[in-house]
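Heads up, the thing below is written out as C-alpha cells.
All of the numbers you see were taken from the coordinates with simple rules; none came from a lab. From a predicted model like this one, the values you see are computed outputs, not experimental measurements. Note: ideal-geometry Cβ built from the backbone for every residue, glycine included; neighbour counts use all protein chains shown.
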Amino acid sequence: MTNTIFPPKALTQEISKPDFTFDPSIRRDHAKKYRTSEWYDGRGEIKAVEDGRSFEISATFTLKSEVKLVYGVLEPSNPVLAEIYKSRGRCVAVVDQTVDELYGESLQAYFKHNEIPLETLVCRACRNLVNSTSA
C-alpha cells in the first residue's frame, strides 16, 4: 500500500531544494523503548527513497502465547490468574456475551477477591454474525 503525502511528481520537480530530507542514520531501539508485552515482539526498518522526500517502512510482528489448562481457574483461592495479573496491576478482558452470562459473576468475584481491578468488554462473537458482517 502506498500513501502519498507529498505533491505529485510534476510539482516536486519544480522544487530545487527539498524542504525535507530523510536522515538514514536515525535509529531507534524499538524493542526496548516501545515494548508493550512480554508476548509481543516487533522489528522494523526504515529506508530512504532516492528522491530524498519519502521513505519506506517495513515491519514484522511476532505474537506468542502460553495456554494453560487449569481446573477451577476462577476459584478465588486458585493463584494462576492472580500471579499473571497482580504484577500488571489490572486485567482487561474481552469476553464473549455467552461466556459472560455463564461465568461473568465468577470472573468479577475472582478478581475482587485477589484485589486486582478488572475491566471487561463484553461482545457478541458467533459464527453467523462474523460471516454476515465480513461480506
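A few comments on the model shown:
- Residues Phe61, Phe111 arranged by fewest to most Cβ contacts within 10 Å: Phe61, Phe111
- In this rough spin-label picture, where each label sits 7 Å from Cα along the Cβ direction, the Val99-Val122 distance is 1.4 nm.
- Spin-label model, Thr62 to Ser87: label points 7 Å out along the Cα-to-beta-carbon direction sit 1.9 nm apart.
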